[in-house]
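Please read the structure below before turning to the comments.
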Amino acid sequence: MKRHLLLLFPLLLLRAAAAAANSPAAPLPKWQTLSGEAPLVIARGGYSGLFPESSQYAYQFAMSTSLKSVVLFCDLQLTKDGASMCHSDLRLDNSTTIASAFPKGQKTYTVNGERIRGWFSVDFTADEIFNNVALIQSIFSRPSVFDGNLPPLAVEDVTGLRPSRFWLNVQYNSFFEKHSLDVTGYILDASRQISIDYVSSPEIGFLKGLNGKLRRGKTKLIFRFLDEDAVEPSANQTYSSLLKDLKMIKSFASGILVPKNYIWPVTKDQYLEPPTTLVADAHGLGLEVYAYNFANDAPASYNYSFDPTAEYLQFIDNSNFSVDGVLTDFPSTASEAVACLAHNNNDIPRKEGRPLIVTHNGASGVFAGCTDLAYQQAVKDGADVIDCSVQMSKDGVAFCLDSPDLMGKTTAIASFMSRATMVPEIQQNNGIFSFDLTWSEIQSLKPDLVSPLSQSGMARNPAAKNQGKFMTLADFLDFAKNSRVSGVLINIENAPYLASKKGLDIVNAVSGALTNASYDTRTNQQVLIQSDDTAVLSTFKKYPTYKRVLNIKETISDTPKPAVDEIKQYAEAVNIPRSSIVASTGFFLSSYTGVVKELHAANLSVYVSVLRNEFIMIAFDFFSDPLAEIATYVGGVGVDGIVTEFPATASAYFRSPCSDANAKLPYTILPTEPGSLLSLAPPEAAPPAEPPAPILEASDVVDPPLPPVADLSEKSAPPAATPPAPTEPSGQPGTSANAVICLLAVVLSIIYLNYH
């Protein structure tokens with residue numbers, strides 16, 4: 001049998017293992033597992049969340065990025081000639097290239113009473129599979145650049161990697177028996193040559209047949225429960241009925257492996273129900289309990305706010321019980337939960353000098369942004385600075401909302417669609433704008449919690465969709481004064497338009513509200529004034545205690561010294577998007593830019609925005625893990641603040657001992673190295689390189705002086721024949737287009753297509 005194993009694995013990927021190898025073990029906390037030791041992290045097919053499942057890269061990456069005690073999990077299959085192979089799906093065509101290698105090899109078999117058509121290992125010899133078939137990713141939302149280059153592995157190949165522990169799962173013993181393949185015989189023979197720590201199966205008869213034949217104390221037998229309504233073939237009972245007879249399970253097994261919803265059920269609306277007593281019942285009988293179906297890119301409940309570590313903690317660090325291990329596609333994230341976050345719920349004071357946790361519209365991942373509930377949640381979740389993007393009502397009331405357009409974040413469409421207008425100075429589509437409604441009219445609306453990823457089916461906390469109340473700026477400041485936050489960020493946009501076209505002085509409204517709340521003299525809370533307009537920031541220079549933040553919304557690749565010098569005249573800090581810090585190709589990181597270093601060299605603070613927990617928003621290099629992304633911006637780049645819609649996640653990271661890169665810990669969360677993951681893919685499989693983002697020029701920074709506030713009390717100016725072109729906000733490269741020419745081009749294109 002030919003082996004295709006690669007002998008070398010890039011050292012740049014050995015992140016956590018290197019940190020662990022040279023560090024003394026920290027004192028272990030007492031766990032509520034059966035043994036009292038930390039729960040196991042079990043890597044299903046290795047790091048199958050990134051690489052094709054059960055590939056060499058998957059197994060090696062799991063070992064290099066996870067706890068040293070990580071368990072490698074192999075789903076055993078047998079070939080026609082009795083050789084072993086690790087592969088979870090009985091059908092090989094879903095996750096290998098076998099269909100193209102053997103186009104006539106498709107068969108139909110009955111498996112557990114169901115007719116299944118596909119390509120099966122029992123129809124091919126080991127040489128045919130190992131010499132002609134490669135693995136591919138079976139889940140479309142995961143990287144495909146590694147497809148077709150990694151061969152399947154035999155059991156001996158996986159144990160040859162020398163894992164701390166090895167788990168063999170036998171899902172289809174009855175199927176292999178029907179094809180005269182002896183799984184029991186294979187395991188007994190293999191156990192004399194390799195170390196098998198766990199053998200699991202959903203078939204009682206198979207486990208009973210192994211019971212007593214393996215070395216006592218060396219290999220644990222684990223009964224695997226399937227869906228509650230599925231039928232176990234040996235006893236011909238549903239798994240839900242078998243769950244009621246754990247004493248019988250104890251007669252031949254050391255533990256049970258169950259779907260996670262057996263322990264924490266979820267409603268049809270994806271909210272957690274109270275936990276079952278399964279873990280306590282099993283532990284009372286001396287049975288270990290392992291849970292499966294964990295994956296960062298498969299959100300389980302809105303209670304977790306798309307933070308996968310929160311889900312692990314629900315199973316290992318609640319006040320009542322802890323499972324004995326979790327089976328996961330993303331073992332590094334489970335390792336974080338075990339080694340960094342568990343037993344760490346103390347209200348730890350903010351470490352001096354650590355980056356700020358700045359909210360984006362409060363905890364807007366949990367409640368509708370800029371509402372009282374969003375701000376209350378942000379404070380509860382550990383935010384350092386809460387923010388208010390100031391908007392103005394028609395009658396001059398300053399209040400907090402992300403945009404002046406009420407259509408996206410409120411229920412305004414139902415009541416005020418007739419007020420919709422086009423304001424090109426603000427946006428290129430119709431809107432219902434706050435400056436066209438009185439404050440009492442705005443108060444009649446309800447907030448609307450809308451996810452930026454709603455088109456992808458990823459809603460946020462639907463139960464709270466319209467909960468909360470809008471807050472005036474004065475109410476916001478009063479709330480902040482009486483909370484434990486260390487500062488407030490006031491964001492000001494559209495000041496020139498409001499002054500010249502609506503007669504509203506947003507700058508004066510903000511400065512007056514801050515003075516009325518005594519923020520101009522307070523020293524215990526920092527005031528950050530943020531704007532994309534340098535003219536706005538100039539007006540606040542007279543307040544020496546305020547820190548001015550230039551908001552550069554567009555992605556930039558470089559900040560030459562002339563541009564930085566211009567920034568320093570107006571601001572002490574800069575807020576930039578994630579893409580201005582780390583360049584990407586597709587969903588892969590490619591390289592760090594020099595933007596943060598250049599801004600830091602000028603003594604400018606740098607905040608990165610906006611961080612969101614949803615895995616769709618997170619590069620593959622961060623493993624669909626928001627903590628890995630935070631660790632990179634903090635430890636790899638050294639930003640001064642994290643702007644996030646989920647402050648609880650950032651707070652959990654900073655409370656963790658793993659946030660200290662200098663701490664000598666057995667495991668830590670290290671920054672990602674851009675380009676390292678993509679370097680493992682064949683060059684021809686990599687996504688096309690994207691052109692570099694624009695360079696920030698000095699001319700992009702400075703804005704014209706603010707216009708005087710128009711007096712609209714007596715008469716209005718006659719409408720201009722041609723509206724002026726919108727002014728580009730500073731902090732971003734200028735772009736302009738003639739709308740009439742663009743529209744004409746579209747019309748001509750339509751005419752051309754109709755006649756050709």
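Figures for the structure shown
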{"quantity": "Residue match in the stretch 602-617 (condition: farther than 30 Å from Ala571 by Cα and buried (at least 18 other Cβ atoms within 10 Å of the Cβ))", "calculated": "yes"}
{"quantity": "Residue pairs meeting the criteria (Cβ under 9 Å; at least 6 apart or on separate chains; first within 22 Å of Lys465 (Cα to Cα), in the stretch 373-393; second basic (Lys, Arg) and surrounded by fewer than 23 Cβ atoms within 10 Å (Cβ to Cβ))", "calculated": "Leu373/Lys469; Val379/Arg484"}
{"quantity": "The stretch 148-160, residues that are within 26 Å of Ala686 (Cβ to Cβ) and surrounded by fewer than 20 Cβ atoms within 10 Å (Cβ to Cβ)", "calculated": "Gly148, Asn149"}
{"quantity": "Residue match in the stretch 483-493 (condition: outside any helix (DSSP H, G or I), more than 29 Å from the chain's Cα centre (by Cα) and more than 16 Å from Arg548 (Cα to Cα))", "calculated": "no"}
{"quantity": "Matching residues in the stretch 501-522 - criterion: being small (Gly, Ala, Ser), in contact (Cβ under 8 Å) with a residue 60 or more places away in the chain and not in a helix (DSSP H, G or I)", "calculated": "Gly503"}
{"quantity": "Residues that are in contact with a helix residue (DSSP H, G or I) (Cβ under 6 Å, 6 or more places away or on another chain) and among the β-branched types (Val, Ile, Thr), drawn from the stretch 632-681", "calculated": "Val637, Val639, Ile642, Thr644, Thr649, Thr668, Ile669, Thr672"}
{"quantity": "Any hit, the stretch 7-29, residues being at pLDDT 95 or above, over 26 Å from Ala291 (Cα atoms) and out of contact with any Leu (no Cβ under 8 Å at 6 or more places or on another chain)", "calculated": "no"}
{"quantity": "Among residues of the stretch 241-259, those that are part of a loop (DSSP other than H, G, I, E, B), touching a Lys or Arg at 6+ places or on another chain (Cβ under 6 Å) and either closer than 20 Å to Ala230 by Cα or polar (S, T, N, Q) (or both), counted", "calculated": "1"}
{"quantity": "Candidates Tyr312, Tyr304, filtered to the one that is assigned by TED's automatic domain parsing to the domain that holds Leu188, crowded, with 16+ Cβ neighbours inside 10 Å, without any contact (Cβ under 8 Å) to a residue 24 or more places away in the chain and within 23 Å of Leu40 (Cβ to Cβ)", "calculated": "Tyr304"}
{"quantity": "Phe51, sole failed condition from (1) closer than 30 Å to Leu278 by Cα; (2) among the hydrophobic types (A, V, I, L, M, F, W, C); (3) assigned to a loop (DSSP other than H, G, I, E, B); (4) modelled with pLDDT of 95 or more", "calculated": "(1)"}
{"quantity": "Failed item in (1) in contact (Cβ under 8 Å) with a residue 24 or more places away in the chain; (2) part of a helix (DSSP H, G or I); (3) hydroxyl-bearing (Ser, Thr, Tyr), with Tyr109 passing the rest", "calculated": "(2)"}
{"quantity": "Qualifying residues in the stretch 190-231 (those that are basic (Lys, Arg) and part of a loop (DSSP other than H, G, I, E, B)) - the one modelled with the lowest pLDDT", "calculated": "Arg216"}
{"quantity": "Unique residue being within 18 Å of the chain's Cα centre (by Cα) and either assigned to a loop (DSSP other than H, G, I, E, B) or surrounded by fewer than 24 Cβ atoms within 10 Å (Cβ to Cβ) (or both) when the list is Ala652, Ala648", "calculated": "Ala648"}
{"quantity": "Subset of the stretch 535-556 [under 22 Å from Val610 (Cβ atoms) and outside any loop (DSSP other than H, G, I, E, B)]", "calculated": "Val536, Leu537, Lys547, Arg548, Val549, Leu550, Asn551"}
{"quantity": "Counted residues, the stretch 151-166 - those being of a type in the set (Lys, Arg) and under 29 Å from the mean Cα position of the chain (by Cα)", "calculated": "1"}
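Here is a yes/no grid of residues against (1) charged (D, E, K, R); (2) out of contact with any helix residue (DSSP H, G or I) (no Cβ under 8 Å at 6 or more places or on another chain); (3) at pLDDT below 90:
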site	(1), (2), (3)
Pro683	no, yes, no
Pro694	no, yes, no
Ser699	no, yes, no
Pro708	no, no, no
Asp711	yes, yes, no
Glu714	yes, yes, yes
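Here is a yes/no grid of residues against (1) of a type in the set (A, V, I, L, M, F, W, C); (2) without any contact (Cβ under 8 Å) to a residue 24 or more places away in the chain; (3) surrounded by fewer than 21 Cβ atoms within 10 Å (Cβ to Cβ):
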{"site": "Thr184", "(1), (2), (3)": "no, no, yes"}
{"site": "Leu214", "(1), (2), (3)": "yes, no, yes"}
{"site": "Ile249", "(1), (2), (3)": "yes, no, no"}
{"site": "Thr277", "(1), (2), (3)": "no, yes, yes"}
{"site": "His283", "(1), (2), (3)": "no, no, yes"}
{"site": "Leu287", "(1), (2), (3)": "yes, no, no"}
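Listed here are the residues, each with its yes/no results for (1) outside any loop (DSSP other than H, G, I, E, B); (2) modelled with pLDDT under 95; (3) in the same structural domain as Ala463 (by TED's automatic domain parsing).
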position	(1), (2), (3)
Asn261	yes, no, no
Pro274	no, no, no
His283	yes, no, no
Asn296	no, no, no
Pro299	no, yes, no
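Residue-wise test of (1) of a type in the set (D, E, K, R); (2) surrounded by fewer than 24 Cβ atoms within 10 Å (Cβ to Cβ); (3) more than 16 Å from Ala310 (Cβ to Cβ).
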site: Asn345; (1), (2), (3): no, yes, no
site: Thr371; (1), (2), (3): no, no, yes
site: Tyr375; (1), (2), (3): no, no, yes
site: Val379; (1), (2), (3): no, yes, yes
site: Cys388; (1), (2), (3): no, no, yes
site: Ile413; (1), (2), (3): no, yes, yes
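Okay, residues lined up against (1) in contact with a strand residue (DSSP E or B) (Cβ under 7 Å, 6 or more places away or on another chain); (2) within 24 Å of Ile506 (Cβ to Cβ):
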{"residue": "Ile357", "(1), (2)": "yes, no"}
{"residue": "Gly396", "(1), (2)": "no, yes"}
{"residue": "Asp402", "(1), (2)": "yes, yes"}
{"residue": "Ala412", "(1), (2)": "no, yes"}
{"residue": "Ile432", "(1), (2)": "yes, yes"}
{"residue": "Ile442", "(1), (2)": "yes, yes"}
{"residue": "Leu449", "(1), (2)": "no, no"}
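The values are calculated or read from the model by the stated rules, or taken from the named source; none is laboratory data. Values in this document were obtained by computation on a predicted structure and should not be read as measured data. Backbone-built Cβ (ideal geometry, glycine too); neighbour counts: all protein chains shown.
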